[in-house]
């Protein structure tokens, strides 16, 4: 995946259309993720941010368009090729998705044991180093149920980077974190990106955190990419939708209410049931 | 009045589900791999599915033997054939009751727990996480549980039969005063190793595969919600009981 030159984007989505359950989630969307940077993909709830992640990891195929990671055309991958491709991805899912019947140590060791022939002594050292990076070496023998949600996500982060992947993907890494865990997570994502020289993609809707973390941002809404730029450029944008999203305004192009009939008419109507 | 479309779906939906479950089983079997990690995981599952089912198997086996002997002894004594109780007990156990009841108890104890575990793994994205780490969930999750069920059920059938015979001895010999030599002698004279015990064990292997297959299938296809997992566990018990009873009839007819 690293064979492309540094100037070419690490991930390219070209004219992507995705339909899920009869609904068009993305339509002819084109988006580039720069190599070696932390890029945030933002947007209101239901805008298709996680769909972008699932396209890159080839959990879903687009109905139209092309997904390219390095030199690899992801949408056509299957079987062993897909397995090889995914070994170069580190994915942090929204709730961590740790295996509850394994200790933190065994969770982090799992990809190393499955995909390498390393001796157990070396795996032990690697796992302890990864856990040290996320500050949880002391919790190596504990089970996920014994840790807080934030700690679970840090262990999952250690597991995601166990094989030193070229691309790290984070799905809503800041959701529900207390201020300390949030600060630690921000620092960790930055450090991992810097130390591993990886490309990091953060799927989020937390505007303040993105301003501190990301080198580059994309905003997705209404099935399209509506803006791209540095956090500062997006903050200064006069685009009505970008402004509404960045400032958290209820009124604007993105409707707060799900489409429904007239409120007064519905309240006064006799109940059907 | 039901519409033609509705009655058609009533017929087609179960057929479609059966087809899906069969495809799932073939996929699981075709992707089996026997690495050191797989063997270790299979042994762990064997402990959870087999060893942890021992309490219910031992208890139920003992009481089934006790009640079966009580009823048979009473009925046979009316015809002056109380000595035949042990023959009736052993033949019913080895041929039918042992394999069938053990498989249904296994579905209730271990099958539901396998279904709930896999359903919750789907709901909490653990199966997605495996996929994303390029680890095949079929290999890592399904295969060890399938093999564990295949080994555990025949072993549990032996335990069930032994405990039921013990229950029979307690009632017939210790409570009713039957001669223990006649009790064991009749079993030795009438029960054939291949025809009676062997056929029963053959059934238990098939039932073990069915019970573990349906448990992993319903867990795998469970909707990732609390309601979905609850429904899947119920389906596991119902489907296993129906399939086991149906196959028992078919196999008994073919083996006789």
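The values are calculated or read from the model by the stated rules, or taken from the named source; none is laboratory data. For clarity, every value in this text was computed on a predicted model and none was experimentally measured. Neighbour counts are summed over all protein chains in view; Cβ atoms, including those assigned to glycine, are modelled from backbone coordinates with ideal geometry.
Taking the criterion of being in contact (Cβ under 8 Å) with a residue 40 or more places away in the chain, farther than 24 Å from residue A:123 by Cα and under 16 Å from the mean Cα position of the chain (by Cα), the residues of the stretch A:173-189 that qualify are A:173, A:175. Looking at B:129, B:123 in this structure, which one is within 12 Å of chain A (Cβ to nearest Cβ), surrounded by fewer than 18 Cβ atoms within 10 Å (Cβ to Cβ), at pLDDT below 95 and farther than 14 Å from residue B:48 by Cα? One residue alone meets the criteria, B:123.
Among the residues of the stretch A:214-231, just one is touching a helix residue (DSSP H, G or I) at 6+ places or on another chain (Cβ under 8 Å), part of a loop (DSSP other than H, G, I, E, B) and within 13 Å of residue A:43 (Cβ to Cβ), namely A:222.
Filtered by the rule that a residue be at negative phi and touching a residue at least 40 places away in the same chain (Cβ under 8 Å), the stretch A:248-265 gives a lone residue, A:254. In the set B:58, B:51, only one residue is surrounded by fewer than 19 Cβ atoms within 10 Å (Cβ to Cβ) and farther than 26 Å from residue B:196 by Cβ; that residue is B:51. Against the numbered list (1) buried (at least 17 other Cβ atoms within 10 Å of the Cβ); (2) within 15 Å of residue A:165 (Cα to Cα); (3) within 13 Å of chain B (Cβ to nearest Cβ), residue A:130 comes up short only at (3). Exactly one residue out of A:267, A:234 is more than 25 Å from residue A:10 (Cα to Cα) and not in a loop (DSSP other than H, G, I, E, B): that is A:267.
Determine which member of the set A:82, A:55, A:98 is in a helix (DSSP H, G or I), buried (at least 19 other Cβ atoms within 10 Å of the Cβ) and touching a helix residue (DSSP H, G or I) at 6+ places or on another chain (Cβ under 9 Å). Working first, answer last.
Working: A:82 fails: buried (at least 19 other Cβ atoms within 10 Å of the Cβ); A:98 fails: in a helix (DSSP H, G or I).
Result: A:55 is the single residue among A:82, A:55, A:98 that is in a helix (DSSP H, G or I), buried (at least 19 other Cβ atoms within 10 Å of the Cβ) and touching a helix residue (DSSP H, G or I) at 6+ places or on another chain (Cβ under 9 Å).
Would you be able to tell me the number of residues in the stretch A:128-172 that are in contact (Cβ under 8 Å) with a residue 12 or more places away in the chain and over 23 Å from the mean Cα position of the chain (by Cα)?
7
Checked against (1) within 14 Å of chain B (Cβ to nearest Cβ); (2) loosely packed, with under 15 Cβ neighbours inside 10 Å, residue A:121 passes all but condition (1).
When the stretch A:69-107 is filtered for residues that are touching a residue at least 40 places away in the same chain (Cβ under 8 Å) and more than 11 Å from chain B (Cβ to nearest Cβ), the ones remaining, listed by number, are A:69, A:70, A:71, A:72, A:103, A:104.
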